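Novice: Got a structure for you, written out below as structure tokens; questions coming shortly.
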Amino acid sequence: MQNILRIRLQRPAQTVKFFRRAVRFLAPCLCLALAVLAVKASPQDGTLPPAANVLQPQAYVSLQPVPRGHSFQIAVVGKITPGFHVNAHMPSEDYLIPTKVIASLPAGVFAVETTYPRGMMRAFRFSKTPLRVYESSFTVLMKLRASGTAPIGKQKIPLTVSYQACNEDACLPPTSVPATADLEIAAEDTTPHPAHPEIFSSGSADKTK
């Protein structure tokens, strides 16, 4: 009789021990599943837009046409959705993903230097320290040169803008969006005409060759 009572008294303790082990095993799995569901659900439930929709880049050329042997500029103007920001090209923290503009240059066109704006220091709820970011819009200037043997005629320069967008509470996945600069290469003795002076008359600070 005493043995039976001991077995009955031990069973609840074994059951509690079993459930504790089960909870310890399943808790990390449950947390991971909830995190995956949250990331997948965010763009679909209207709380966050797709990352590629946050920034709209537009490219402009400083000269039309561009004579052979002349330097010219391409400006990439990025417009950012209100409520969002992107990290500056030279971010204030090492873990931040910088904004970059890369050009696929055609034959006879060479890069000289690229000028990025410095950005603004802003405080956000998710960071203990202010971060250097671009808000509203930013302009990247690329100085290029057409060689004396550059093919004459209309050209398209594909551009890629890579960035990571965030709002006050969350960051979207890093992404890239395309832009295109249209220019025309002309003979060396052709008179160039300045274009878009409202964009190319202003300067910027940080330079990366």
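Novice: Which count do you get for residues in region 105-135 that are among the polar types (S, T, N, Q) and more than 21 Å from THR180 (Cα to Cα)? Give the derivation first.
Specialist: Here is the first cut: in region 105-135, the residues among the polar types (S, T, N, Q) are 114-115, 127, 129.
Filter once more, keeping what is more than 21 Å from THR180 (Cα to Cα): 127, 129.
The total comes to 2.
Novice: Mind telling me which of the residues PHE84, PHE138 ends up being in contact with a strand residue (DSSP E or B) (Cβ under 7 Å, 6 or more places away or on another chain) and under 24 Å from PRO158 (Cα atoms)? Talk me through it step by step, then tell me what you get.
Specialist: Working: PHE84 fails: under 24 Å from PRO158 (Cα atoms).
Only one candidate passes the filter, namely PHE138.
Novice: Which is in the same structural domain as SER71 (by TED's automatic domain parsing), under 14 Å from the mean Cα position of the chain (by Cα) and acidic (Asp, Glu), of GLU93, GLU113, GLU135?
Specialist: Working: GLU93 fails: under 14 Å from the mean Cα position of the chain (by Cα); GLU113 fails: under 14 Å from the mean Cα position of the chain (by Cα).
So the residue among GLU93, GLU113, GLU135 that is in the same structural domain as SER71 (by TED's automatic domain parsing), under 14 Å from the mean Cα position of the chain (by Cα) and acidic (Asp, Glu) is GLU135.
Novice: If you go through region 83-96 one residue at a time, do you hit one that is over 12 Å from TYR163 (Cα atoms) and part of a strand (DSSP E or B)?
Specialist: No, the conditions are met nowhere in region 83-96.
Novice: Also: Here is a check on your reading of the model: is GLU168 surrounded by fewer than 13 Cβ atoms within 10 Å (Cβ to Cβ), farther than 17 Å from TYR95 by Cα and touching a Lys or Arg at 6+ places or on another chain (Cβ under 7 Å)?
Specialist: On the way: surrounded by fewer than 13 Cβ atoms within 10 Å (Cβ to Cβ): yes; farther than 17 Å from TYR95 by Cα: yes; touching a Lys or Arg at 6+ places or on another chain (Cβ under 7 Å): yes.
Yes; evaluated as a whole, the condition is true for this residue.
Novice: Sort through PHE138, PHE72 and tell me the only one that's buried (at least 16 other Cβ atoms within 10 Å of the Cβ), touching a Ser or Thr at 6+ places or on another chain (Cβ under 6 Å) and modelled with pLDDT of 95 or more.
Specialist: Working: PHE138 fails: touching a Ser or Thr at 6+ places or on another chain (Cβ under 6 Å).
Answer to the check: PHE72.
Novice: Which condition from (1) more than 20 Å from the chain's Cα centre (by Cα); (2) in a strand (DSSP E or B); (3) within 18 Å of PRO57 (Cα to Cα); (4) of a type in the set (A, V, I, L, M) is the one that ILE185 breaks?
Specialist: The failed condition is (3).
Novice: Which numbered condition in (1) out of contact with any Lys or Arg (no Cβ under 9 Å at 6 or more places or on another chain); (2) modelled with pLDDT of 95 or more is the only one that CYS31 fails?
Specialist: Condition (2) is where CYS31 drops out.
Novice: What do you reckon, is ARG145 among the basic types (Lys, Arg), over 21 Å from TYR60 (Cα atoms), part of a strand (DSSP E or B) and in contact (Cβ under 8 Å) with a residue 24 or more places away in the chain? Lay out the reasoning, then the answer.
Specialist: On the way: among the basic types (Lys, Arg): yes; over 21 Å from TYR60 (Cα atoms): no; part of a strand (DSSP E or B): yes; in contact (Cβ under 8 Å) with a residue 24 or more places away in the chain: yes.
Spelling it out, it is not the case that ARG145 is among the basic types (Lys, Arg), over 21 Å from TYR60 (Cα atoms), part of a strand (DSSP E or B) and in contact (Cβ under 8 Å) with a residue 24 or more places away in the chain.
The values are calculated or read from the model by the stated rules, or taken from the named source; none is laboratory data. Remember, predicted model here, so these are calculated numbers, not experimental data. Methodologically, a virtual Cβ is constructed for each residue, glycine included, from the backbone with ideal geometry; neighbour enumeration extends over all protein chains shown.
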